[in-house]
Amino acid sequence: MKTSDLENNAVKQIDIIRVKDSEAWSFTDDVSVEEPLEIRVLYGDAGKRESKNISVTMRTPGNDIELAVGFLFTEGIIYNYQQIEGGKHLNADCSRTQENVVMVSLIEGFIPQLMKSDRNFYTTSSCGVCGKGSIESIRTVSSFKDRDQEPILLDIEVLYQLPDRLRSFQNNFSSTGGIHASGLFTVQGDLLALREDVGRHNALDKLIGYSLSVGLLPLDHKILVLSGRASFELIQKAAMAGISVVAAIGAPSSLAVDLAKEFDMTLIGFLKENRLNVYHKGSNHNFKTIKASI
C-alpha cells in the first residue's frame, strides 16, 4: 500500500488560549501550514530554453513536485509523464523562498500549451477555479474522454467503509482538523495512495501527479474518494486522469453533476457509514448488494 509521504512542515504548533464555559487555560495546538507555491516551467529547444511562471497556489508544503506535475497535467499543459525531464525546488538566497518555488523542466523541443491555462497568477487554496476567464476555459478535453470503459461492479458495503478508511490514514487531519484529502482506492476498498493539502484541488493534483509519475493512468478501475465536497474543478481533474468513479463525503455542485454526466462518470455524494446519494451512474457501472433497482 502506498500512502502519502507527509512531511513534518505540514503541521505547526502554536500557543493558544482554550476557553470552555467560564474557564480559560494555555494550550499548544496543531494548525495546518499554508504557504504559497510558485510553479514554473522550463521548456524549448536546446540553447533556447525559456522559463515561465504558471501559477501561484496556496498549499500545504509536501509533495510539491507531484502537485506541480499534477497541475500541469490536469490543466492540459502536458499530456504524459514522458514530456517531463525533471522537477526541483529552485535555489534561492532565502531558504524559506527556496521551498516555495518549483521548476518543472520539460523535454527539449516540446512546446507546452500554455494558453490552455487561462489563470490569473494567484489562485487561492479554497477555489482553484477562481481567476479563470470563463467556465468554458476549464473544459479541458481529456485524453481518456472517449476511451471504452469496461464494466465495474461497485459493492455498496465497500463504499460505506471508504470514509473511515480515508480518515484513518489522514494523519494531518487527525492532528489539525483543517486538511483535505484525496484517496485512491481499488474497487475492493484497498487504499493505493492518499494525498493531503489545505486546498482540496491541490490534494487531488498531488494524487494525480503521483499516479502519472508511476504509470497508473488512466485510473478507470479505481475509486477516488474526496474528504469534502465535489466541485466542478475536482470532477474536471478526475476526468483528465481517466477516473470514472468519484465518491465525495460532502455534496456535489450542479456543475460537478453536469460534468460527471458529460464524461459518463459515477458520482456519489454524502457518502457515510450506511448511506449515500448517487448523482449520476456511469452506463457501465452497477451496484452490488443493493435492493432497489437503480
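The values are calculated or read from the model by the stated rules, or taken from the named source; none is laboratory data. Bear in mind the structure is a predicted one, so any value in this text is a computation, not a measurement. Here the Cβ positions follow ideal geometry from the backbone for every residue, glycine too, while neighbour counts run over all protein chains shown. Accessible surface areas use protein heavy atoms only, side chains included; no ligands, DNA or RNA. Shrake-Rupley method; radii C 1.70, N 1.55, O 1.52, S 1.80 Å.
Quick look at the numbers
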read-out: Residues that are within 15 Å of VAL225 (Cβ to Cβ), of a type in the set (S, T, N, Q) and either assigned to a strand (DSSP E or B) or open to solvent by 20 Å² or more (accessible area, probe 1.4 Å) (or both), drawn from the stretch 235-271; value: THR266
read-out: All positions within the stretch 43-73 that are open to solvent by 50 Å² or more (accessible area, probe 1.4 Å) and assigned to a strand (DSSP E or B); value: GLU50, SER51, LYS52, ASN53
read-out: The stretch 143-160, subset assigned to a helix (DSSP H, G or I) and in contact (Cβ under 8 Å) with a residue 40 or more places away in the chain, residue nearest to the chain's Cα centre (by Cα); value: LEU159
read-out: Subset tally (residues that are of a type in the set (A, V, I, L, M, F, W, C) and modelled with pLDDT under 90) for the stretch 57-76; value: 1
read-out: Which numbered condition GLY109 misses (of (1) on the phi < 0 side of the Ramachandran plot; (2) at pLDDT 60 or above; (3) loosely packed, with under 12 Cβ neighbours inside 10 Å); value: (1)
read-out: Evaluation of LEU226 against (1) within 25 Å of PRO61 (Cα to Cα); (2) at pLDDT below 90; (3) not acidic (Asp, Glu) (one fails), failing number; value: (2)
